[in-house]
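Report on the structure given below.
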Amino acid sequence: MISKKIMLRFPKETSDKPFTSDLSRKYNLQFNIMSAEIFPRKEGHLIIELSGNEKDFENGIDYLKSNGVNIQFIEESITLDENRCYHCGFCLPVCPTDALIIKDKNTMKIELNKEECIACGHCVKVCPVKAIELSEFA
Ligand code: SF4
Ligand code: SF4
């Protein structure tokens, strides 16, 4: 079993195709939609958590790519620069998923749990020293 959060970007010529139902019907994959911005006959994007067995997962991803859908794994999109972050905590309250946390109350250091991130970009906007980078927002 594999489960990953993924950003899907649809070119406008593919925006009305039933990709999500195909992932479920043809590839036995489960998905949760975490955010969506899709307009008829325009470009759109979806952030989903996609789960299933490894082979189905690979086939589903190949299916999307072969249909022109741009795919970005969220875990690979976000980074926290330890050298820049001075642990001010501004990013903590804006994170909707607790991907940014303080594990150790003694050091009060901010840590990033990439698996929980949904690439909303809120932390990127509030960080005063640009310690967080999200490639979709570059
Ligand atoms: S807002 Fe920036 S500097 Fe402050 S804790 Fe968060 S990542 Fe670090
Ligand atoms: S982009 Fe930042 S604020 Fe949004 S879920 Fe990820 S870590 Fe939290």
So the angle from the long Cα axis of helix 54-66 to the longest Cα principal axis of the chain, reported in degrees to the nearest 10, equals 80 degrees
Rounded to the nearest 0.05, FRET efficiency between Asp62 and Glu37 (Cβ-Cβ, R0 22 Å) equals 0.35
Whole-Å distance linking the alpha carbon centroid of the range 65-86 with that of the range 1-48 is 17 Å
Largest first and rounded to whole Å, the semi-axes √(5λ) derived from the alpha carbon gyration tensor of the range 83-138 read 17, 13, 9
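Per DSSP helix of 4 or more residues, -39500 (n - 2.57); summed, then divided by the residues of the chain. What does that give at 222 nm, rounded to the nearest 500? Intermediate results must be reported in sequence, preceding the final value.
Working: 4 runs with 29 residues, N = 138.
Calculated at 222 nm, the ellipticity per residue is -5500 deg cm²/dmol.
Could you report the chain's accessible area per residue, 1.4 Å probe, as an integer in Å²? Walk me through the numbers on the way to the answer.
Numbers: 8370 Å² over 138 residues.
Computed with neighbouring chains in place, this is 61 Å² per residue.
Given a 1.4 Å probe and every protein chain left where it sits, what share in percent of the accessible area of the chain is carbon and sulfur? All intermediate terms of the calculation are to be shown ahead of the outcome.
Numbers: 4010 of 8370 Å².
Looking at the chain in its full context, I get 48 percent from C and S.
The values are calculated or read from the model by the stated rules, or taken from the named source; none is laboratory data. Quick caveat, the model's predicted, so the values are computed rather than measured. When we count neighbours, we look across all protein chains shown, and the Cβ atoms used for this are built from the backbone with ideal geometry, even at glycine. Please note that ligands, DNA and RNA were not included when accessible areas were found on the heavy atoms of the full protein model with its side chains. Shrake-Rupley method; radii C 1.70, N 1.55, O 1.52, S 1.80 Å.
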